[in-house]
Amino acid sequence: MEQLYIDLENYLGIGTDSVPEVVRLAIAVLVLGTIFLLAPILTIWVERKVAARFQNRIGPNRTGPYGLLQSFADVLKLIGKEQIMPAHADRIPFLFAPLLMVVSVIMITAVIPLMPNYIGADLSIGALYFVAIGSLSTIAVVMAGWGSNNKYALLGAFRTVAQLISYEIPLVFSLLVPVLFAGTMSMVGITQAQADLDYWYIFLAPASFLIFLFSNLAEIGRTPFDLLEAESELVAGYQIEYSAMPWGMFMLSEFLHAFLIGPLVAVLFLGGWDGPFAEDVPVLGVVYLVIKSMAVYFLGMWMRATLPRFRIDQLMEFNWKFLVPLSIANLLIASFLWELFPEPAGGGLVDNFPRFIVMGGSSLFTLMVGLEFLRRKSVEDRERIARLIDEKNYPLATADQTGVAGD
Amino acid sequence: MELNQWAFVGVFFVLAWAFPLAPIVLNRLVAPSRPNKIKTDIYECGVETVGDAWGQMKVQYYLYAIIFLVFDIEMVFLFPWAVAYGAIGMSAYLAGAVFILLLLEGLLYAWRKGALEWT
Amino acid sequence: MVPLWMYLVVSAGLFSIGAFGVLSRRNAIAILMGVELMLNASNLNLVAFWRYINPGEINGQVFAAFVFVVAAAEAAVGLALIISIYVKRHTVVAEDVNLLKW
Amino acid sequence: MELTWELVAFLGFAVMTLGSGLMVVTSSNLFHSVLFLMTSLFGVAGLFVLLVAPFLAAIQVLVYIGAIAVLMLFVIMLTRQVMSRPELYNQQMAGALVAAAILFLALLFVLTPLADEIGGDVAQVNAEVIAEADDAPDVDYITVEELGRAFVTRNGFVLPFEVTSILLTAAMIGAIVVAREDEA
């Protein structure tokens, strides 16, 4: 953040010594936090528009040009709504849960390098920090579910927690791959290592990139992993008793987290701010980061608009029997090959073509093998269920209509 | 120095509560508040509530949590291992691989015993 | 820099609180929580002594890491036992489970 | 002693740790106990940061708050039905209080002067080491790297490292077997 202080002081005309350190930190925090808090307002609009296009609709188009002010209108509406607390709620957990949820997400922004020299805190354990802080949201979910004193809320909270903790394992195992390549957990260090190599870790470990992306999407509970707020089954899960702004805070944290996946994936696998001339013109770095983040975000939106929702047993088995073994195998293979091929001193994609073919190829091969197992398993499951249906002689359902397991 | 970086995180943690708190407080000031018995009742699709929600859950949740705990605690060792990996060489790979494979064995056991099944 | 004795006071306080919980609570889960507090107090001591007495050696942190592992294993097995006892005897009160007590 | 920001942070975390710790053992609602346990352990994580062991702090949050506390919450839910007993403490409560107080005083009067004795000398000797370590910009990930080295080199802790894995596997298998007994 040093660079930001200096720039701020230049713009505001404050001398470096005239303000105490804490005030400078507070200003930096407020600037960073506000930037990232305003981002969802834009991305929610983008998401609505894109989802609408996927579904052959127009999307918001009444408030402002192209419906750009829709999110602001929603915020205004939420401010005017009444906050309701159930009579027998456990008050303190009930009130604290939305706060903790937002805090656990917004704190992640502290370790995202925006451009060369621009980062909230260059922690030596940055890659672990965002996982650790993110795990606070598990507790927020339990607090919300318990505090509501509602059976649906509690059931929803427990399913959510089971999902969150399950998908944290492939997340962390695939996170280990870039850490291992870069030899550091610092987010700046990982970006710099990729900038020095002149190619990004996605080429060396595409499978890890995909696993990381998927498990992150599961962590925030977007479709197809959105069982935690399955409206038709668990009536919005742990959020059922929340109304007005506290509910809005859950939504905010979800959209903010969805947005933050972009920069995190970009830093770990796509080189962060790295790009042509980024080292010389730092502002370009932020442009590259935003482009990469939005590309990742678009992947998420695409999946959200396309795929149907998992059943809870599919969700769990997809994680434990597919993602976890695959991420572990991938880590073992990637680290073995990293040891086998001595690290070159940069040189770009062309010079490192054999290395890139072997590492990326074996990573993809592992993924393919895993997918083949998954395919066989789901075919098997479908046949089993079809037999089950035949035996029981259900009049209406056929295997095609139930479409179970792994589709 | 590292602690300077953490000072930012510390200030962030103190101030971060203000970000969600401000709109909630604003909401509370602006919006009406007229609770009544029906409104503050627990929402269960209109069906009258029987007992409180703090009832019993199933063992399956615990089994997932225990497997998660074991893999999570592994990170104490695997992160330092990954960071130091490049500097050490094949012995590091062997040590790490044995470590991971031993734990994988536990996962396979849970798999075979059906502890991963959501029933 | 904050002097070492302050950390030791906090650690001693945490350890005593944990010990009180272990000795006095009836609920087995609460007893486990007391144990976790005590383990954390010992970890705090390990790290504090590492930092102030011998920062060059890594052993303090290594030991703290192993304490984490032991704490996790203890929590997992302990809680599994509690579940098992609950299923069989329908109680989570430690003193009701006194079959092995002499 | 002058009031530095480090001291302020230390006092904050210390109050957080000890205050929530007290609430853990006195709260009658087990769910609240777990929440206070988390707050207390989060305070310990903060103290780890102040002791410049950020890796352990992150692991503390990840493992204790993210995993062990969740495990406890699940078990509380599993065994919820019998938990509304009025008596919080057993008959040893008074004795336990005295014992804990004696333990605290003993630790305070035995350990702390001892630390002063060791610390007094060693702090002098190590002042330069600590100052050096503090000045180095990359001190901490060197620490993590050293941890990694310690775990995998033969002169270090490679045997405990592997045995830990066996311990964890055994704990996992044991816990699954014990908890699933009812279903088999």
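The values are calculated or read from the model by the stated rules, or taken from the named source; none is laboratory data. What you see is a predicted model; the values in this text were computed from it and never measured. When we count neighbours, we look across all protein chains shown, and the Cβ atoms used for this are built from the backbone with ideal geometry, even at glycine. To get the accessible areas, we keep the full protein, side chains included, count just its heavy atoms, and leave off ligands, DNA and RNA. Shrake-Rupley method; radii C 1.70, N 1.55, O 1.52, S 1.80 Å.
Number of residues in segment A:157-172 that are more than 8 Å from every other protein chain (Cβ to nearest Cβ) and either touching a Ser or Thr at 6+ places or on another chain (Cβ under 7 Å) or open to solvent by 10 Å² or more (accessible area, probe 1.4 Å) (or both): the value is 5.
Select from segment D:65-79 the residues that are more than 10 Å from chain A (Cβ to nearest Cβ) and part of a helix (DSSP H, G or I) and list them in ascending order.
In the first step, residues of segment D:65-79 are kept if they are more than 10 Å from chain A (Cβ to nearest Cβ); the result is D:68, D:72, D:75, D:78-79.
Residues satisfying the conditions are D:ILE68, D:MET72, D:VAL75, D:LEU78.
Filtered by the rule that a residue be open to solvent by less than 10 Å² (accessible area, probe 1.4 Å), within 15 Å of the chain's Cα centre (by Cα), of a type outside the set (Val, Ile, Thr) and more than 10 Å from chain A (Cβ to nearest Cβ), segment D:21-45 gives D:GLY21, D:LEU37, D:SER40, D:LEU41, D:GLY43.
Applying the selection to segment A:144-156, what residues are within 17 Å of B:TYR61 (Cβ to Cβ) and either open to solvent by less than 10 Å² (accessible area, probe 1.4 Å) or under 22 Å from the mean Cα position of the chain (by Cα) (or both)? First the steps, then the outcome.
Filtering segment A:144-156 down to residues within 17 Å of B:TYR61 (Cβ to Cβ) leaves A:144-146, A:151-156.
Residues satisfying the conditions are A:ALA144, A:GLY145, A:TRP146, A:ALA153, A:LEU154, A:GLY156.
Looking at the structure I just gave you, is B:ASN27 under 30 Å from the mean Cα position of the chain (by Cα), open to solvent by 80 Å² or more (accessible area, probe 1.4 Å) and either facing another protein chain (nearest Cβ under 7 Å) or over 22 Å from A:VAL102 (Cα atoms) (or both)? In short, no.
If you go through segment A:225-240 one residue at a time, do you hit one that is modelled with pLDDT under 85, part of a loop (DSSP other than H, G, I, E, B), under 20 Å from the mean Cα position of the chain (by Cα) and crowded, with 23+ Cβ neighbours inside 10 Å? Yes, some residue in segment A:225-240 is modelled with pLDDT under 85, part of a loop (DSSP other than H, G, I, E, B), under 20 Å from the mean Cα position of the chain (by Cα) and crowded, with 23+ Cβ neighbours inside 10 Å.
With the condition kept exactly as written, say whether any residue in segment A:49-68 is more than 24 Å from A:ILE169 (Cα to Cα) and crowded, with 21+ Cβ neighbours inside 10 Å.
no
The lone criterion from (1) at pLDDT below 55; (2) not assigned by TED's automatic domain parsing to the domain that holds D:ALA58 left unmet by D:VAL177 is number (1).
Selection of segment A:258-272 for residues being open to solvent by less than 10 Å² (accessible area, probe 1.4 Å) and in contact (Cβ under 8 Å) with a residue 40 or more places away in the chain yields A:ALA258, A:LEU260, A:ILE261, A:PRO263, A:LEU264, A:VAL265, A:VAL267, A:LEU268, A:PHE269, A:GLY271, A:GLY272.
Looking at A:ALA193, A:ALA205, A:ALA244, which one is crowded, with 24+ Cβ neighbours inside 10 Å and at pLDDT 80 or above? First the steps, then the outcome.
Numbers: A:ALA193 fails: crowded, with 24+ Cβ neighbours inside 10 Å; A:ALA244 fails: crowded, with 24+ Cβ neighbours inside 10 Å.
Sole residue among the options that is crowded, with 24+ Cβ neighbours inside 10 Å and at pLDDT 80 or above: A:ALA205.
Take segment A:285-331 and flag every residue that is within 14 Å of chain B (Cβ to nearest Cβ), surrounded by fewer than 20 Cβ atoms within 10 Å (Cβ to Cβ) and closer than 23 Å to A:VAL177 by Cα.
Of the residues in segment A:285-331, the ones within 14 Å of chain B (Cβ to nearest Cβ) are A:310-331.
Narrowing the set further to residues that are surrounded by fewer than 20 Cβ atoms within 10 Å (Cβ to Cβ) leaves A:311-314, A:321-322, A:325, A:329.
If the condition is that a residue be within 14 Å of chain B (Cβ to nearest Cβ), surrounded by fewer than 20 Cβ atoms within 10 Å (Cβ to Cβ) and closer than 23 Å to A:VAL177 by Cα, then A:LYS321, A:PHE322, A:PRO325, A:ALA329 are the ones that fit.
Looking at D:VAL8, D:VAL49, D:VAL70 in this structure, which one is open to solvent by 50 Å² or more (accessible area, probe 1.4 Å) and either outside the structural domain of D:GLY148 (by TED's automatic domain parsing) or touching a Pro at 6+ places or on another chain (Cβ under 8 Å) (or both)? Reasoning before the result, please.
Values: D:VAL49 fails: open to solvent by 50 Å² or more (accessible area, probe 1.4 Å); D:VAL70 fails: open to solvent by 50 Å² or more (accessible area, probe 1.4 Å).
Going through D:VAL8, D:VAL49, D:VAL70 in turn, just one is open to solvent by 50 Å² or more (accessible area, probe 1.4 Å) and either outside the structural domain of D:GLY148 (by TED's automatic domain parsing) or touching a Pro at 6+ places or on another chain (Cβ under 8 Å) (or both): D:VAL8.
Looking at this structure, is D:VAL44 over 15 Å from C:GLY21 (Cβ atoms) and in a loop (DSSP other than H, G, I, E, B)? Criteria not met by D:VAL44.
Any residue at all in segment B:98-116 that's open to solvent by 10 Å² or more (accessible area, probe 1.4 Å), out of contact with any Gly (no Cβ under 6 Å at 6 or more places or on another chain) and closer than 19 Å to A:LEU171 by Cα? Scanning segment B:98-116 turns up at least one residue that is open to solvent by 10 Å² or more (accessible area, probe 1.4 Å), out of contact with any Gly (no Cβ under 6 Å at 6 or more places or on another chain) and closer than 19 Å to A:LEU171 by Cα.
Screening C:ASN45, C:ASN54 for residues that are over 11 Å from the mean Cα position of the chain (by Cα), within 25 Å of D:ASN155 (Cβ to Cβ) and surrounded by fewer than 24 Cβ atoms within 10 Å (Cβ to Cβ) leaves exactly one candidate, C:ASN54.
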